[in-house]
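Encoded as structure tokens, the structure appears first; notes follow it.
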Amino acid sequence: MNSYLLTILLLLPLVGALVLLPLRNRDQHRLIRQVSLAIGLIEFVLSFIPVYSIPPGSSGLKLEVFVPWIPHWNINYHVGVDGISIFLIHLITLLTPIGVLASWSEIKHQVKEFHILLFLLEVGVIGVFISLDLFFFFFWWEFGLIPLALLIGIWGHGRRIYAAVKFMLFTMGGSIFMLVAILWLYAHTGSFDIVALQRMVESGQLSLSFNTEKWLFLGFLVAFAVKLPMFPLHTWLPDAHTEAPTAGSADLAGVLLKLGAYGIIRICLPLFPNASHAAAPAIGVLSVIAIIYGALVAMVQPNLKRLVAYSSISHMGFVTLGLFSFTLIGFQGAVYVLLAHGLTSSALFVLCGMLYERRHTYEISQFGGLATPMPKYASLFLFTALGAIGLPLLCGFVGEFLVLAGSFQTQPGWAVWGATGVIFSACYLLWAYQRVFYGKITHPENRELPDLNHREQWVMVTMCALILWLGIHATFFLRRYEVSCQAILQQASPNVGTGATGTKQSQALNQPYRR
Amino acid sequence: MIPTIDYIRILPELVVSVCGMMIMLADPVLPPSGNKKILGLIALAGVLAGLMATAIQAESYGNAFFDMVRVDAFSIFFHIVILLIALVVVLSSFDYLEVQRIKAGEYYALILFAAVGMMLMTSAIELVLIFIALEISSISTYILAGFRRRAAESAESSLKYFLLGSFATAFFLYGVAMVFGATGTTNVYRIAEVLTTQHSVVVYLAVALMFVGLGFKVASAPFHVWTPDVYEGAPAPVVGLMSTGPKAAAFAVLLRVLFATGAPGWFWLVWISAALSMTIGNIGALVQNNVKRLLAYSSIAHAGYLLVAFAAAKTAGISAAIFYAASYAAMNVGAFALVAHLSGRGERYVTLEDYAGLGRRSPLIAAMLTIFLISLIGIPVTGGFFAKFYVFSAALQSNLVGLTIIGMINSAIATYYYLRVIIYMYMRDERTEAPVMPIPAGLGVAVAISLIATIYLGVLPNRVLDDAVRAAQDLVK
């Protein structure tokens, strides 16, 4: 059973898509949604198994499967999970049923196609998270593009086509550099296997000159930086997020951005340790720019959804800051930010979607005083926003605190600048909250807005409960991925002989997180 | 006395020619106003018999007819590819001819003769025979291109193709003559023997001339100028044939001429042509509004990707080229079958505007066309992805970093115009009255074959990959 688990997890959404195929769009909307929800929930429950198959403090890859796929090229179906990927998988299996529920009444045409694409997207994302083979990784990386581009382009709002094309071209453009790097590695090692390649790097069997390593690192980094997105490559994100339908935005912010960070963790750091260390100062600067720039731009957005989109850029700055601090605390914090941001930003997008269904606009100036007609909505929004801001006891706090604590050890200057992001995030979200929910009702059509119905309440209460859980019981997560983080950091330490001083320093800082 | 085994070694060609002649004989006997479907069925039977003959042939590798023809893994591979292309084209023509009110029975015969020529191109190892085979296939396709005789652009297409095509074959013939002058033989493998000991400047010239001739046939830049006009005017199923079959066959000949002979001096020719084809094809496609023209430019670009594999050379490059030819055939012939179906009477509906809202009017056709387009982009689960992957991986193994990067940038550009078709189908509201008819049985089978082939090559490419490698090894042996 255990050896098939990941395969089942990967293929179940595909089965879901096939089950939906014979259903009719004309008169079976409800059935389509119910079936999708059921399959999404089964998948969600299944994804608990990997979490419990990794006891706290365990190391190494679990549930590994290795089956030759294309022996001619030495491509293998090599999958496995570690402490980091299990939670990211969980995030997508959670967000798919949430997405189905959130679009229950939003999506009115081509309902079947919508849910099929949602499942295909889930397959692609899970595929990336479980791959331990570069080819297989790239395979799923590209696979997920089309469903999301279609989700944005068909069911989006306003300038949806522009957003879809921009998204597609940016990500395709980025991944092409990754493909060159993958092919170069293959041409020189004959292997696509991440684990094997990592061993070769560690043992010195694959010794790249610094120059080559730098180019390969950049090749991968460009693909991941587009997805993440890192500062100068972020321009597709506000458009894509804003124009996408609710479920698309939630998936995009919740999980797709995490693919970029995951790629850095799984590939960039372990395979190119020297280049990673050399790039750290530059990436630190870009992270700080992203944190502050994202927050400032978010502050002046007149459009609520766009505001949340820009806040993602700011939060992702924390991720890169933590990862490239090369400290265990910073690293763990970065992964925690991924999880926390996955929850809060997707919850905020779902909330935006609920508002849009009622008023058909995201413009902040169209609202004001909504707390009176919609008290439940207002309080749930506040809870989520506080989670995103990083109020202690809610999920955002843990990650950002750890990132700052970690990066302070190696890069105190950036940490100080990064810390301002925490303040800024409070500014833009609370200010937006004030303008939307407090004050007098200035637009008469807002007076009679219905509050959340049962379905919407359940969606949001679930999300809020998780936000709270991540805030209170952080050790549940930290203990499960601590050793995995440590392993990756170990692999990311520069090779002896080429950067000996760096090794010593980072080992000194790799003290386990004290509970 | 010619031994029987020799006839077995050209069995597919024989069988298919006989069926073609049967169609020619049966056509005048049938009542002139009657249904010509029976001719299509004969053609279908001919192609299937050809496939069976190829299977029989696979048991008896070797040379035949005084070393003019060679049956090996290479020729068998291309025979199967070409026959499958012919199968899809014949099946998708059933309905097309009825809709277009084209009654001529020779249509099917010409498709079969074209297929015979292409097959012979891949198994001939004698340059003169290669030339004859090239002419058989070319002349058939010249006529086929003009089959919509009431449409002016079809006549233009046919004439243009004929004039430029015969010009190009003349180049090829000059090349053959010069090779003969330099080496004293026209047999590919004997040329290889001679070239190991002597080098003459004339050989370089000959290689260049033959490359021009074949470059025209595969529509690689700078010999591509005819492609958009010819593809636009010719009947859509015929374009499906032209853009895959003769291309695959001409690439096969090019592989033989360049690699089996060990000829010198081709590297920079191929390199430049590859870079130009990719760039011109993709940039040209960006601004097209006619789907047939768009696919014409895309076909130029794909010829460029294939030439990248040529430049990579070695076994990896050759087998990458072979694999690419097969998967390109699968996705392109399928795409054209759907384009033919959507075009309507007189091919009126072939612009992007006519495809607007197809996702709602006919979700099935739109979904299938999307898969073919995704494959043409080179996105996973499709053959196009693996093919591109293989080609660029071979190129990097030969350290062609520059060409690989040009190719990669080009595939990023290409995403846009294929995506545009998808955008029109799914994201634009329909504005035209373009009717969508349900898929007839013949077309359904045709598209299913290409769809299955495309996905099969994308998920389980092992078998075909091994065949391609074996073919490559046989070629250079």
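FYI, it's all coordinate maths here, none of it is from the lab. All values reported here derive from a predicted model rather than from experimental measurement. Here Cβ is always computed from backbone atoms with ideal geometry, including for glycine, and neighbour counts include all displayed protein chains.
Couplings 3J(HN,Hα) for the range B:63-78, derived from phi with the Karplus relation 6.51 cos²θ - 1.76 cosθ + 1.60 (θ = phi - 60°), are 8, 9, 6, 6, 6, 9, 10, 10, 9, 8, 4, 5, 5, 4, 4, 6 Hz, where x marks Gly and Pro. P(r) for the range A:38-90, from all Cα pairs and a bin width of 10 Å, is 23, 39, 29, 10 %, short bins first. Based on Cα atoms of the protein assembly as shown, Rg over Rh with Rh as the Kirkwood radius reads 1.02. Stretching B:Ala441 away from B:Phe167 to a fully extended chain increases their span by 94.6 nm, per 0.36 nm per residue minus the current alpha-carbon distance.
Across the range B:272-285, coupling constants 3J(HN,Hα) worked out from phi with the 6.51/-1.76/1.60 Karplus curve, θ = phi - 60°, read 5, 4, 4, 4, 5, 4, 4, 5, 5, x, 6, 6, x, 5 Hz, and Gly and Pro carry x.
What is the percent of Cα-Cα separations in chain A that go past 39 Å?
Numbers: 25248 of 132355 pairs.
Of all Cα-Cα pairs in chain A, 19 percent lie more than 39 Å apart.
For the range A:375-466, what is the convex hull volume of the alpha-carbon atoms per residue, in Å³?
On the way: hull volume 8.8 nm³, N = 92.
So the per-residue hull volume is 95 Å³.
Principal axis extents of the C-alpha atoms in the range A:252-305 (largest first, rounded to whole Å): 43, 24, 7. Rounded to the nearest 10 degrees, the inclination of helix A:304-323 to the longest alpha-carbon principal axis of chain A is 20 degrees. A DSSP coil position with no more than 10 other Cβ atoms inside 10 Å describes the following GluC sites (Glu not before Pro) in the range A:369-451: A:Glu448. Cβ crowding within 10 Å ranks A:Phe167, B:Phe78 as A:Phe167, B:Phe78, fewest other Cβ atoms first. Taking amide H as placed 1.01 Å from N in the peptide plane, the amide H of A:Leu452 sits under 5 Å from that of A:Lys376, A:Tyr377, each at least 5 places away or on another chain. A simple rule links phi to the HN-Hα coupling: the Karplus curve 6.51 cos²θ - 1.76 cosθ + 1.60 with θ = phi - 60°, which for the range B:245-255 gives x, x, 5, 4, 5, 5, 5, 4, 4, 4, 4 Hz, with x for Gly and Pro.
Restricting to DSSP H runs of at least four residues, report the calculated mean residue ellipticity at 222 nm for chain A, -39500 (n - 2.57) per run over all residues, nearest 500 deg cm²/dmol.
Working: 22 runs with 367 residues, N = 515.
Theoretical 222 nm ellipticity from helices: -24000 deg cm²/dmol.
Kindly express, to the nearest 10 degrees and within the range 0 to 90, the angle between helix A:134-143's C-alpha long axis and the longest C-alpha principal axis of chain A. So the helix axis and the longest Cα principal axis differ by about 20 degrees. Listed by Cβ neighbour count within 10 Å, with the fewest neighbours leading, A:Val416, A:Val100 appear as A:Val416, A:Val100.
Rounded to the nearest angstrom and listed largest first, the equivalent-ellipsoid semi-axes of the range B:196-339 from its Cα gyration tensor are 28, 15, 13.
Could you point to the residue in A:Val201, B:Gln198, A:Gly60 farthest towards the positive end of the protein assembly as shown's charge dipole, with +1 and -1 charges on the Cβ of Lys/Arg and Asp/Glu respectively? Among A:Val201, B:Gln198, A:Gly60, the one farthest towards the positive end of the dipole of the protein assembly as shown is A:Gly60.
Applying a threshold of 19 Å to the alpha-carbon distances of B:Lys36/B:Lys292; B:Lys314/B:Lys477; A:Lys258/B:Lys388; A:Lys166/A:Lys227; B:Lys247/B:Lys388 flags B:Lys36/B:Lys292; A:Lys258/B:Lys388 as lying beyond it.
When the alpha-carbon atoms of the range A:280-515 are used, the pair Rg, Dmax equals 19.6, 71 angstrom.
Each stretch of four or more DSSP H residues adds -39500 (n - 2.57); spread over every residue of chain B, this sum gives -25500 deg cm²/dmol at 222 nm. Three semi-axes describe the equivalent ellipsoid of the range B:4-476; taken as square roots of 5 times the Cα gyration tensor eigenvalues and ordered largest first, they are 33, 27, 20 Å. Centroid-to-centroid, using Cα positions, the range B:291-309 and the range B:340-396 are 13 Å apart. Computing FRET efficiency as 1/(1 + (r/R0)^6) for A:Gln457 and A:Ile42, where r is the C-beta to C-beta distance and R0 is 22 Å, gives about 0.45. Sites listed here are chymotrypsin sites (Phe, Trp or Tyr not before Pro) in the range B:363-419 whose DSSP assignment is loop and whose Cβ has at most 10 other Cβ atoms within 10 Å, and the list is empty. A straight Cα-to-Cα reach below 13 Å connects A:Lys376 with the aspartates and glutamates A:Asp451, A:Glu456, residues fewer than 8 places away in its own chain not being considered. In terms of surrounding Cβ atoms within a 10 Å radius of their Cβ, B:Asp67, B:Asp27 rank from fewest to most as B:Asp67, B:Asp27. Between the C-alpha center of the range A:401-441 and that of the range B:142-182 there is a gap of 70 Å. In percent, rounded to a whole number, the relative contact order of chain B is 16, using alpha-carbon pairs under 8 Å and six or more apart. Taking amide H positions as modeled 1.01 Å from N, with prolines and chain starts lacking one, the residues under 5 Å from A:Ile75 and 5 or more places away or on another chain are A:Trp69, A:Ile70.
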